[in-house]
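The values are calculated or read from the model by the stated rules, or taken from the named source; none is laboratory data. On a predicted model such as this, the values are computed, not experimentally measured, just so you know. Positions of Cβ are backbone-derived with ideal geometry, glycine not excepted, and every protein chain shown enters the neighbour counts.
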Amino acid sequence: MVAGFAECHDEMAYNSLSVMRNGRPAAVYRKCVLPNYGVFDEKRYFHAGCEPLIIEVKGVRVAFTICEDIWQLDRPAKFLEGAKRKDLIVNISASPFHLGKIGRRQEILSRCAKHFDCAVGYCNLVGGQDELVFDGRSMFVDASGRVACRAKAFDEDLLVVDITAPQEGTVTVKTVSAAVEHPCADAGDEASEVYEALVLGTRDYVRKNGFEKVVIGLSGGIDSSLTAAIAVAALGAENVVGVTMPSRFNLAETQTDAQRTAENLGMSFHTAPIEDALGSFHKTLELFEGWDDSGVAYENLQARIRGTILMSLSNQFSYLVLTTGNKSETAVGYSTLYGDTAGGFAVIKDVPKTMVYELAEYVNRTAGREIIPESVIKRPPSAELRDDQKDSDSLPDYDLLDTILKGYIEEDKSPAELTAAGLDAETVKRIARLVDLNEYKRRQSPPGVRITPKAFGKDRRMPITNHYR
């Protein structure tokens, strides 16, 4: 048996694994290659090991590695080059999910197997840890680089494999086969991958932090409807509470859609009008000369009243508040601090708005019936904080916005590079400036599941105080 652990050795910390025999540690390997990019900060905490570990098990010489040790495309596990014969390489990992990761991971494992001309056994963590989701998909790769078998994604699984032990005069394990019939679990399409990651990340964050139930502000819009669907899939309908909090600016049809979504999901649903509270706040605030009940501050006041109601329910009933903002809105600050950003976990904070629509369609398609009402999907998005408000009054079309945001955030392209690619210069400049200015909001918002190669937070650490030009 092999187990990973944080080791203190000679007053230094190491990211280590222990090989156990008969219930006792037989040998320790200390990770040699420490990643220090994106969400990884290992050089801040650990010292690097420098010695390979190769143990003979029933005639098979097994080399042990940890995650990043083999993630060198040009020369995988180069610290093993000078080591004695290796028949099998075992790699234990906590490799987090993001879109496109499985293809790159498989390529690296295949290159490693070919490079050393031996099989590779790869074991990956499954589950959620704060913003990260570990997708499992452990696998065995034979010496040709072929994936012999792969475990399920986003779920615990067991692989049992047979390897052909080397005969005298041979040097490597080249043949791997499933001892128990176990087809390779295929990667799903983009929507199914993201949905499963969101469900697992939400379930583990809620449960591991000691909560049983969650509460969501259901507006009748697509973001809150999708968040509710994910929460029900993660926790069960009996553990999800929806609250709609209408003001005079909320259309009757959006209120009806909020109720229909809750009914379709089988979750509890409550209506708590905020008009009286809004009037009381207005009475107090109009004591201040210059208070304007037709401006942005008045619009944001509505969101803050709703946030107060949800946090009060959390306080009273020990619910975790799930916020409903998506990556597109989070990027440009299209949200109210201490309003719709108030909560404990932001389920779709790394999901671009265009993908929100794809996921809503996916929910209905896989259910074989309408879960999220078609009217929710087709209606132009609106915050409904003033009469006849549309998101498009303040933001570009979401297809264009998400294209700019992907280039600027995930691909680290400058406004000049985006403009050179054919995007409108003034629009790019405005969106980039909004992203830069709203770092302060993102710092004060709850964590949420990471599904893209670069999310806000550890992936992208930028100063709040800036004068970027």
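Listed here are the residues, each with its yes/no results for (1) outside the structural domain of Glu329 (by TED's automatic domain parsing); (2) assigned to a helix (DSSP H, G or I); (3) of a type in the set (Val, Ile, Thr).
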position: Asp402; (1), (2), (3): yes, yes, no
position: Tyr408; (1), (2), (3): yes, yes, no
position: Lys413; (1), (2), (3): yes, no, no
position: Ala416; (1), (2), (3): yes, yes, no
position: Thr419; (1), (2), (3): yes, yes, yes
position: Gly422; (1), (2), (3): yes, no, no
position: Thr427; (1), (2), (3): yes, yes, yes
position: Arg430; (1), (2), (3): yes, yes, no
position: Arg433; (1), (2), (3): yes, yes, no
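Okay, residues lined up against (1) closer than 14 Å to Leu17 by Cβ; (2) over 28 Å from the mean Cα position of the chain (by Cα); (3) surrounded by 15 or more Cβ atoms within 10 Å (Cβ to Cβ); (4) not aromatic (Phe, Trp, Tyr):
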| residue | (1), (2), (3), (4) |
| --- | --- |
| Tyr45 | no, no, no, no |
| Glu51 | yes, yes, no, yes |
| Ile54 | yes, yes, yes, yes |
| Val57 | no, yes, no, yes |
| Phe64 | yes, yes, yes, no |
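Based on this model, can you work out whether Thr336 counts as assigned to a loop (DSSP other than H, G, I, E, B), among the polar types (S, T, N, Q) and without any contact (Cβ under 8 Å) to a residue 60 or more places away in the chain? Yes, satisfied.
Considering only residues of segment 219-257 that are over 27 Å from the mean Cα position of the chain (by Cα) and aliphatic (A, V, I, L, M), which is farthest from Ser294 (Cα to Cα)?
Filtering segment 219-257 for residues that are over 27 Å from the mean Cα position of the chain (by Cα) and aliphatic (A, V, I, L, M), the one farthest from Ser294 (Cα to Cα) comes out as Ala252.
Where strands (runs of 3 or more DSSP E) sit wholly within segment 1-45, those with at least 1 residues that are touching a residue at least 40 places away in the same chain (Cβ under 8 Å) and in contact with a Gly (Cβ under 9 Å, 6 or more places away or on another chain) occupy 12-21. When segment 432-465 is filtered for residues that are more than 30 Å from Arg104 (Cα to Cα) and in contact with a helix residue (DSSP H, G or I) (Cβ under 6 Å, 6 or more places away or on another chain), the ones remaining, listed by number, are Leu434, Ile464. Regarding segment 57-68, can at least one residue be identified that is in a helix (DSSP H, G or I), within 17 Å of Tyr122 (Cα to Cα) and at pLDDT 90 or above? Among the residues of segment 57-68, at least one is in a helix (DSSP H, G or I), within 17 Å of Tyr122 (Cα to Cα) and at pLDDT 90 or above, which makes the answer yes.
Going through Ile464, Ile451 one at a time, which residue ends up being on the phi < 0 side of the Ramachandran plot, modelled with pLDDT of 95 or more and not assigned by TED's automatic domain parsing to the domain that holds Gly201? Reasoning before the result, please.
Values: Ile464 fails: modelled with pLDDT of 95 or more.
Every option except Ile451 fails the conditions.
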